[in-house]
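The structure appears below as structure tokens.
Throughout, read-outs are computed from the coordinates displayed, never taken from laboratory work. Since this is a predicted model, take the numbers as computed values, not measurements. All Cβ positions, glycine included, derive from the backbone under ideal geometry; neighbour counts span all protein chains shown.
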Amino acid sequence: MRSYAQLIGLLAVLLTEPALASIPDDPAQVHPLSVGNPAPVFSARTADGVLRKFSPDGYSKPTIVLFYRGGWCPYCNMQLSDMRLVEPKLRASGFEIVFLSTDRPQLLYSSLKATDIHYTLLSDSHLKAAKAFHIAYHLDGATLAKQREYGVDLERTTGTKRHELPVPSVFIIDTSGTIRFVYSNPDYTVRLGADALWAAAAPLATVK
């Protein structure tokens with residue numbers, strides 16, 4: 001007969017398995033949260049390891065949440081460089097902007113190829129935030145092998161044994177905690193540009 005502790009442990013596994021199974025192996029099967037949905041509760045760590053928590057009732061400013069894959073990704077570096085064209089204007093217009101990476105906190109800035117980056121970078125190395133926004137997926141064996149051929153070691157960069165990534169995505173959340181804009185493309189080579197982000201964000205500006 002199983003002990004009480006064993007039964008509790010088994011129940012915990014059974015409760016977590018559906019959540020893991022819901023993460024697809026194909027980024028094309030990802031279904032992000034939609035415009036009009038409340039933003040989920042999520043948290044991520046700063047480069048110093050400090051946990052920052054976000055909740056729908058805690059947005060004092062309209063907030064842009066940008067998920068990227070990591071500093072090892074050349075397309076992510078190009079996107080971060082492009083965002084320098086609009087980031088100061090967004091902040092001056094009353095927005096908070098956070099960039100979420102799968103890199104562990106210690107690698108958030110040092111891993112970037114883009115230079116002179118001073119954004120608010122946060123670590124979502126366990127992809128809890130990506131899962132909360134429904135944009136996480138598992139890498140299948142073939143994709144993982146290809147990543148390794150390119151010199152990408154996700155276990156080293158994330159500090160976990162998980163082989164998961166987010167579909168690169170942008171969410172704009174208003175001060176009521178409601179998602180007002182979503183861009184998510186399973187083709188990681190295609191990103192939302194600075195001009196398009198400004199066009200989407202401008203109607204929510206709190207400082208004119």
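What do you get for the angle between helix 4-21 and the principal long axis of the chain? Use alpha-carbon atoms, 0 to 90 degrees, nearest ten. Taking the Cα atoms of the chain, the angle to 4-21 is about 50 degrees. Here Trp72, Trp198 are placed in order of increasing Cβ neighbour count within 10 Å, fewest first, which gives Trp198, Trp72.
I want the local charge near Ala39. Using Cβ-Cβ distances under 15 Å, sum +1 for each Lys or Arg and -1 for each Asp or Glu among the other residues. Show your work: numbers first, answer last.
On the way: positive: Arg52, Lys53, Lys61, Lys128, Lys131, Arg180; negative: Asp57, Glu96, Asp124, Asp174.
Residues near Ala39 contribute +2 overall.
Please determine, in degrees from 0 to 90 and to the nearest 10, the orientation of helix 74-83 with respect to the longest principal axis defined by the Cα atoms of the chain, where the helix direction is its Cα long axis. The answer is roughly 40 degrees.
Note on Thr120 and Thr206: the model spin-label points, each 7 Å out from Cα along the C-beta direction, lie 1.1 nm apart. In terms of distances greater than 19 angstrom between alpha carbons, the cross-link table entries Lys61/Lys208; Lys131/Lys161; Lys89/Lys131; Lys89/Lys208; Lys89/Lys128; Lys53/Lys128 yield Lys89/Lys131; Lys89/Lys128.
If the chain linking Glu96 and Tyr109 were pulled fully straight, counting 0.36 nm for each residue of separation and taking away their Cα-Cα distance, it would gain 2.8 nm. Taken along the Cα-to-beta-carbon direction at a fixed 7 Å, the label points for Tyr188 and Gln147 span 0.6 nm.
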